[in-house]
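Report on the structure given below.
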Amino acid sequence: MPAPLAPGLPRSSSRQSLFEPDAGDRMSIVDRWVPTGRESISDSQESPRPARAPRRASSYSSVTTGQHINHPMAAIHHPPNPSILNVFDDSPTLVSSLADFVVKAQKEAVDKKGRFTIALSGGSLPKTLGGLIGHEGVKWDKWHVFYVDERVVPLDHPDSNHLACQAALFSKVAIPPAQIHTINVELLEDPDELADEYEKQLIQEFASRDSARFPVFDLILLGMGPDGHTASLFPGHELLQEADRWVASIDDSPKPPPKRITLTYPVINHAARVAFVATGEGKQDVLKDVLDHPELALPASRVKPNFPGQLYWFVDSAAAVKVTYPRTPFKL
Ligand SMILES: O=C1O[C@H](COP(=O)(O)O)[C@@H](O)[C@H](O)[C@H]1O
């Protein structure tokens, strides 16, 4: 069955489908949308989904963003790089190594384009970012922060991922508040609108700069739940198939709260670097499933950054105890 037209992708546009998209595929079908110039309002009204935020850049461009080539041919000719598994004996070593890693990514991005784009998760992740506080290499004024996912709650609600990052990190460093992209709390009653508005914030940051079909974050930091979910992408959920939107809403999250918005796989898998952080005994079984049994296709296993993007794992020995996937000694 042909894939449904994405909202905002008119039926008259030439869609150069090379293969059917699947969650985690290196390239989505919309990567190769080329406008014909014949698009009309009535075409877009035929879209099977309600009208949403305007789609991003109107044409594909082989733009380089940092070292990452946002070009479909890169995806076709190169399989994803194998994941790098770094296992740390203790939490302080993990925290300081993670900070060094983030600062290195920041330095490379700032040297190339004068800014650093990063997406942060909630859950247990924010507390692992303490090594950045007082780190001499950090240039907070260059950071442009988005959230990998956010719960549809006020920003001062205990469930807010922003609040968790604010408490663990941002309240303690000199980052310009305007460069931290939070959800628009005026739209809490309408999660779809909220997701669209957040997508617009991403469009402003990325599409106006590089015209790429999907944003290329310099770094995305992910967590992983004991069920293998990452971001707000849960096992068996239809959002695992989302191949068009940059940001989607979910109203039936199995983990409370039920209403959330999340970056989608096309965005996560277009990042230049993605790093999972997973610690503690509670992650032992799922880490084994994700790293040693990718055929289970748990949400975390579907994170496979497009070549030349790179996926890293920062885990402690408690979480890694059952894993046979080869470890790599940490080096910057
Ligand atoms: O609900 C969420 O869970 C994941 C994993 O959380 P963790 O506490 O098990 O690390 C998190 O990455 C995500 O941002 C959050 O919304």
Can you pull out the residues in the range 172-195 that are farther than 16 Å from Asn161 by Cβ and in contact with a Pro (Cβ under 8 Å, 6 or more places away or on another chain)? Asp192
Here the qualifying pairs (Cβ atoms under 9 Å; residues six or more apart or on different chains; first in the range 139-151 and within 16 Å of the ligand (Cβ to nearest atom); second among the basic types (Lys, Arg) and assigned to a strand (DSSP E or B)) come out as Asp149/Arg260; Glu150/Arg260; Arg151/Arg260
Can you give me the number of residues within the range 205-221 that are away from the ligand (no atom under 16 Å from the Cβ) and either in a loop (DSSP other than H, G, I, E, B) or crowded, with 24+ Cβ neighbours inside 10 Å (or both)? 8
Matching residues in the range 249-282 - criterion: being among the aliphatic types (A, V, I, L, M) and either at pLDDT below 95 or crowded, with 24+ Cβ neighbours inside 10 Å (or both): Ile261, Leu263, Val267, Ile268, Ala271, Ala272, Val274, Val277, Ala278
Taking the residues in the range 114-134 that are surrounded by 16 or more Cβ atoms within 10 Å (Cβ to Cβ) and away from the ligand (no atom under 16 Å from the Cβ) as candidates, determine which candidate is farthest from Leu188 (Cα to Cα). Gly131
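The values are calculated or read from the model by the stated rules, or taken from the named source; none is laboratory data. All figures in this text were calculated on a predicted structure; none of them were measured in a lab. No Cβ is skipped: glycine too gets one built from the backbone with ideal geometry, and neighbour counts run over all protein chains shown.
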